[in-house]
Every structure is written in structure tokens, then in C-alpha cells.
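Only one structure is covered here, and it is reproduced in the block below.
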Amino acid sequence: MKKFITTALLVSTNLLLAGQASAETPAAGTQKAQTTFDVKIEVLSTCSINATEIDFGKVNSGSVASDKTGTLNVTCTNQTPYRVGLSGSGEMKNETDESSSIAYELFQDGNKPWDNDENKYSNSGSGNVEAITVIAKVVGSTNVRAGNYKDTVTATVTY
């Protein structure tokens, strides 16, 4: 009987211990492991620019040429500050005789000069095309040799 009680005690102790062990171990499929990760992108500041020509058309020698306009189309990344400068000689030269020229000036808002030094156009990008008007005024005499006159202006956007 002593053996029976000892055996029964050992069995019930093992069952009790086994019950405790299984209570601490989660059931299969309920354990978890976790990690985190980043989803990233870098948006670069960019700008692009293109322009339309400004053509004063045909004028008679000695007559006054009307002011003409052109357009700069600037597209910059949203909230990117930028400046646009214009660089030209300020003289349209005769295409066959460069000694003959007609002076002109470029303006932003009617009377605000535009160049590539102190007088630049400034704004911040919106991500959309911004059409910026360039006003050209003939300031020199058109009492010059007949022919076609031209100057090339470079528009530079700095951002």
C-alpha cells in the first residue's frame, strides 16, 4: 500500500506539474514575432524652363515699334524657391551687317527691368507650369539699314 500511495503521489505531482507547464506554453499558432520597416522616398527639387519668341514684326524705317510680349514657362517642384534671369546683348543686330543694330530692353511688370544681375524674377514653385510674361520694348531708333534684326536671349532658372 505504501508503494501504491507513493506511486499515486508521484503520478498526481507529475500531472500537476504537467498542467502548470502547459498553462505557460501558448497553444500552437498563437506565438508572434514582430519587426518594423520604413517606406521612403526622396523628392528632389527640380525646375524646367522654356520660352516663346518675341517678334516685333515688320516696321517702316524710323517708325516706333510697339511693345511685344513673350512667355517663359517655368515648372518647379512645389515650394521650391527659384529666380529667373535673362541675358542678352540688348541689341538686335542686322543678320547681314552686324554694325547695324536696334537697342531693346526687357521688362517684368511694365517698367521693372529684367536682366541676369540685380533684376531677376523670383517666386516659389507650385509643381505646375507658371507662365511668366516678358515684355520687350524697342528703345533704339529703327532708322537703320533694312533687313532682319535679331538677338538671342538666354533665360536661366536658378533654384
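Quick check for me: using +1 on Lys/Arg Cβ and -1 on Asp/Glu Cβ, what's the dipole size of the range 47-158 about its Cα centre, in debye to the nearest 20? Don't skip to the end; give the middle numbers.
Values: 9 positive and 14 negative charges, 32 e Å.
So the dipole magnitude of the range 47-158 works out to roughly 160 debye.
Loop only per DSSP, at most 14 neighbouring Cβ atoms within 10 Å: give me the GluC sites (Glu not before Pro) in the range 19-107, ordered by residue number.
Working: sites: E24, E42, E53, E91, E95, E98, E105; in loops: E42, E53, E95, E98.
Answer in residue order: E42, E53, E95, E98.
Could you work out how much longer the chain between E91 and S61 gets when fully extended? Use 0.36 nm per residue separation minus the Cα distance between them, nm to one decimal. Please list the in-between numbers first.
Numbers: separation 30, 0.36 × 30 = 10.80 nm, distance 1.65 nm.
That works out to 9.2 nm of additional length.
The phi torsions of the range 46-59, fed into the Karplus equation with coefficients 6.51, -1.76 and 1.60 and a -60° offset, translate into couplings of 9, 9, 9, 8, 9, 9, 9, 6, 10, 10, 6, x, 9, 9 Hz, rounded to whole numbers, with Gly and Pro shown as x. Computed extension gain for Y159 through D115, at 0.36 nm per residue and net of the alpha carbon distance, reaches 14.2 nm. With the convex hull drawn around the C-alpha atoms of the range 61-126, the volume per residue stands at 118 Å³.
We did not get these values from a lab; they are worked out from the coordinates using the rules stated. Everything quoted here is computed from the prediction, not taken from an experiment. We place every Cβ from the backbone using ideal geometry, glycine too, and count neighbours over all the protein chains shown.
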